[in-house]
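To start, the structure itself, in structure tokens.
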Amino acid sequence: MVKSAGPAGRGKRVPVDCGDLPFVIRRDGTWLYRGSPIGRKSMVCLFASVLKRDDEGHFLLETPAERGRIAVEDAPFVAVGLEWSGDGQSQVLHFRTNIDEIVTAGPGHGLRVSHNLLTCEPTPYLHVRDGAGMFPIEARVSRSVYYELVALAEPGIKFGKRVLGVWSQGVFFSLGELASCTD
């Protein structure tokens, strides 16, 4: 194990780089090891607990001793459940991921919507935790949860445009622009 000088002269372990690891996280949230699904949820949760994202956007599994890159087809997690309380600006949205992590949308956990360039189909994402640099670790919001969000949505203004969106912890998140009607 390589040690480097850390703050105040203390050594800090630098994990050994193992290169590419034989893990893939599919778009549906299924974790594969050497092409086979990891069937035990407790194992997926363990691996998810050491999932990181580097400043180049690569996903890593990193322990204090070792680290290696893994392939992720879309986002490593899927938001599969939604509970909410309140309404309007006092509304709070709690998402449950496929690894049973609860993430509350708000100032530190934003919602964003990406659109497919060919179909314009919206895909919403929830910020689960920070990665390095500008690359967060996100959960793709499942279609059924997205429909629940749309049912909770209300009109608003974002960046000077009329949008449909949802509130959580005092933050308004746009789900998409409202079509303008002309007679």
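The values are calculated or read from the model by the stated rules, or taken from the named source; none is laboratory data. On a predicted model such as this, the values are computed, not experimentally measured, just so you know. Heads up, the Cβs are rebuilt from the backbone with ideal geometry, glycines too, and the neighbour counts pull from every protein chain shown. Surface areas here come from the heavy atoms of the whole protein model, side chains and all, with no ligands, DNA or RNA. Shrake-Rupley method; radii C 1.70, N 1.55, O 1.52, S 1.80 Å.
Here are the numbers for this structure:
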read-out: Between helix 143-152 and the chain: long-axis angle, C-alpha atoms, 0 to 90°, nearest 10; value: 40
read-out: Residue of Lys158, Lys12, Lys52 that the Gaussian network model of the chain assigns the largest fluctuation, springs spanning Cα pairs under 10 Å; value: Lys12
read-out: Theoretical ellipticity at 222 nm over the chain - DSSP helices of four or more residues, -39500 (n - 2.57) apiece, nearest 500; value: -3000 deg cm²/dmol
read-out: Estimated distance in nm for a label pair at Arg112 and Val92, the labels positioned 7 Å out from Cα along Cα-to-Cβ; value: 2.6
read-out: Pairwise label distance in nanometres, Arg162 with Lys52, each label 7 Å out on the Cα-Cβ vector; value: 4.8
read-out: (1) 16.9, 49; (2) 19.2, 72; (3) 15.4, 46, with the label sought being that of the calculated Rg and Dmax of the Cα atoms in Å; value: (2)
read-out: Accessible surface, the range 68-142, averaged per residue in Å² (probe 1.4 Å); value: 49
read-out: Rounded percent of accessible protein surface that carbon and sulfur make up, the chain, 1.4 Å probe; value: 53
read-out: Contact order normalised by residue count of the range 1-157, Cα under 8 Å, 6+ apart, percent; value: 19
read-out: Cross-link partners of Lys41 among aspartates and glutamates (Cα-Cα below 12 Å; sequence separation of 8 or more within a chain); value: Asp100
read-out: Net charge of neighbours whose Cβ lies under 13 Å from the Cβ of Leu82, counting Lys and Arg as +1 and Asp and Glu as -1; value: 0
read-out: Size of charge dipole - the chain - debye, nearest 20, with Cβ of Lys, Arg +1 and Asp, Glu -1, no other charges; value: 660
read-out: Highest-first arrangement of 125-131, 37-43, where packing means the average Cβ count within 10 Å; value: 125-131, 37-43
